[in-house]
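Enquirer: Encoded as structure tokens, here's the structure I'll be asking about.
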Amino acid sequence: MYKIFILIIITIFYSCSLYSFKGSLPAHINSVVISPIINDTYEYNVSIILGEKFTNMILLENILDIVPYENADSKLDIKIKSISDKPNVFSIDSDTGYEIVNERKILIQVQIKWVDLINNSDIINKTISEWSTYNLGLDIGNDLLDNDLDGLIDSEDSDEYGTPKEGAMRIAIDKVSRRIINELTSTW
């Protein structure tokens, strides 16, 4: 009985050790072509930053080989649909009685479409949103806010640096990149 139990444990361990993200994809999808990111917003450089960040993440995670269109099994289209920068937290100015903005929120909305080029079908076609906050006038590394809700504040958090809006934009782009990676891997 003891030997059978050990044999079952070894079989389960060996089976699980062979698992990888690439191994769980449909057998015919081994590569992806990433189309140039379309940017429908007024923030002209966000597509460049998102493209670099996402490409680095997909290469680091070793999810799929990135290849030219003629060699690709799948295609990923990313479209930045909107970026909003709106007041998020208010307080009352004790001298004037007027509301003042204490914190702003950047929200990025992105459409992702992942197409199986072999079977000519959509694998993913959805819109995702991610955000970050910032305090006006304060360096994002000294604003006492958890700008990305990761539990770390200011000097504790490696991605909280720079001017308020630029730092918040960078954090939101990072979150979008991670979310796209999660969407790609969650379909497997």
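The values are calculated or read from the model by the stated rules, or taken from the named source; none is laboratory data. Here the structure is a predicted model, which is why all the values come from computation and not from measurement. Here the Cβ is made from the backbone with ideal geometry for all residues, glycine too, and neighbour counts use every protein chain on show. Surface accessibility is based on the protein's heavy atoms, side chains included, excluding ligands, DNA and RNA. Shrake-Rupley method; radii C 1.70, N 1.55, O 1.52, S 1.80 Å.
Enquirer: Taking H as built 1.01 Å from N, whose amide H comes closer than 5 Å to the amide H of Gly162, not counting residues under 5 places away?
Expert: Result for Gly162 returns Ile140, Gly141.
Enquirer: How many nm is it between the label spots at Asn56 and Gln111, if each spot is 7 Å from the Cα in line with the beta carbon?
Expert: The two pseudo-label positions are separated by 2.8 nm.
Enquirer: Once neighbouring chains are kept in place and the probe is 1.4 Å, which whole percent of the accessible area of region 92-188 is contributed by carbon and sulfur?
Expert: 47 percent
Enquirer: Using the Karplus curve 6.51 cos²θ - 1.76 cosθ + 1.60 with θ = phi - 60°, what ³J(HN,Hα) values do you get for each residue of region 139-145, in whole Hz, with x for Gly and Pro?
Expert: Here the 3J(HN,Hα) series is 4, 4, x, 9, 8, 6, 10 Hz.
Enquirer: What are the ³J(HN,Hα) values, in whole Hz, obtained from phi via the Karplus relation 6.51 cos²θ - 1.76 cosθ + 1.60 with θ = phi - 60°, for each residue of region 52-64 in sequence order, with x given for Gly and Pro?
Expert: Using θ = phi - 60°, the values come out as 5, 5, 5, 4, 4, 5, 5, 5, 5, 6, 6, 6, 9 Hz.
Enquirer: Another question, then. Can you tell me the convex hull volume per residue for region 70-188, based on C-alpha atoms, in Å³ to the nearest whole number? Display every interim value, and only then the final one.
Expert: Values: hull volume 15.0 nm³, N = 119.
Taking the convex hull of the Cα positions in region 70-188, it is 126 Å³ per residue.
Enquirer: Please list the non-local residues whose amide H lies under 5 Å from the amide H of Ser82, H modeled 1.01 Å from N, same-chain partners needing a gap of 5 or more.
Expert: Gln109
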